[in-house]
Amino acid sequence: MMEFSRWMSLIGEGLSETLYMTLVSTFFAYLFGLPLGVLLTVTSPSGIQPMPRLNRVLGVIINSLRSVPFLILLVAVLPLTRKLVGTTIGSTATIPPLVIAAAPFIARVVESSLLEVDAGLIEAAESMGASPYQIITKVLLTEARSSLATGAVIATTTILGYSALAGFTGGGGLGAIAVNYGYHRYQTDVMLWTVFLLIVIVQIIQEVGMRLSRRMDARLRSKS
């Protein structure tokens with residue numbers, strides 16, 4: 001086993017890089033994925049602004065990106081990553097492919113949440129003269145916020161898993177530590193600790209997210 005102080009420093013650095021990659025990537029992925037999910041919902045044949053052709057095009061693009069394995073996508077976008085952040089190695093270089101991989105997934109998660117909203121509420125808002133923007137912000141996003149919070153937990157843990165995979169191509173974080181020390185140097189103790197920390201992070205995200213979702217759901221029920 002490596003020296004304890006060296007181990008603590010290594011794990012601490014990997015943990016901070018993992019959290020950095022996950023949180024920043026989640027933010028930017030939602031910046032793109034949330035509007036895409038809303039657009040998919042409102043332009044569907046049964047949406048408030050049906051645009052079947054646009055909906056099909058968006059669906060094909062999103063499904064195509066989702067079907068590419070993350071490791072392949074990670075390598076494929078290396079030229080773009082270099083242009084955006086100036087390097088293809090390290091935690092920051094992992095963020096562009098994480099966003100590209102996660103945004104389509106988030107779009108589908110958001111779409112699924114919005115489709116759960118009672119159609120009667122949408123029809124009532126339309127009958128009162130609400131604009132599409134008002135229906136989206138006051139009805140769809142508001143009524144679906146509990147489900148959206150649950151989806152955010154799923155998306156964040158998925159991005160966390162993607163960030164660990166980036167260790168195979170020079171990305172930072174706990175994944176890189178697991179690959180460089182646990183795999184290449186056969187230091188099983190390091191591998192086990194990185195896996196344990198990833199599990200702990202997932203459990204914390206899951207617990208916080210589920211509590212937030214239940215609280216939102218309780219507020220919605222109290223208003224209804």
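Annotations
- Using the rule -39500 (n - 2.57) for each DSSP H run of four or more residues, divided by the residues of the chain, the 222 nm mean residue ellipticity is -25000 deg cm²/dmol.
- For the chain: relative contact order, % (alpha-carbon pairs under 8 angstrom, 6 or more apart): 26 percent
- Amide H partners (placed H, <5 Å) of residue 68, local residues excluded: none
- Nearest-20 debye value, the chain charge dipole, Cβ charges on Lys, Arg, Asp, Glu: 220 debye
- Within the chain, helices built from complete DSSP H runs that reach 27 Å or longer along their own axis (Cα positions) and carry a mean Kyte-Doolittle hydropathy of 0.0 or higher are 4-42, 91-115, 145-165, 188-223.
- Calculated FRET value between residue 131 and residue 61, using beta carbons and R₀ = 30 Å, to 0.05: 0.65
- Relative exposure of 188, 194, judged by other C-beta atoms within 10 Å (fewest first): 188, 194
- Under Stokes-Einstein, with the Kirkwood radius over Cα pairs as Rh, the value for segment 69-188 at 10 °C and 1.306 mPa s is 95 µm²/s.
- Exposure proxy ranking for 177, 11, based on other Cβ atoms within 10 angstrom of each Cβ and starting from the fewest, stands as 11, 177.
- Among 192, 115, 140: highest mean-square fluctuation, GNM of the chain, C-alpha pairs under 10 Å: 192
- Where [x] 13.9; [y] 14.8; [z] 17.4 are the candidate values, the label of the one calculated here for mean projected area of the Cα convex hull in nm² is [x].
- Counted by Cβ distance under 11 Å from residue 48, the other residues give a net charge of -2, where Lys and Arg count +1 and Asp and Glu count -1.
Values in this text are rule-based calculations from the coordinates and carry no lab data. Since the structure is predicted, the reported quantities are computational estimates derived from the model, not experimental observations. Using ideal geometry, Cβ is built from the backbone for each residue, glycine included, and neighbour counts are taken over all protein chains shown.
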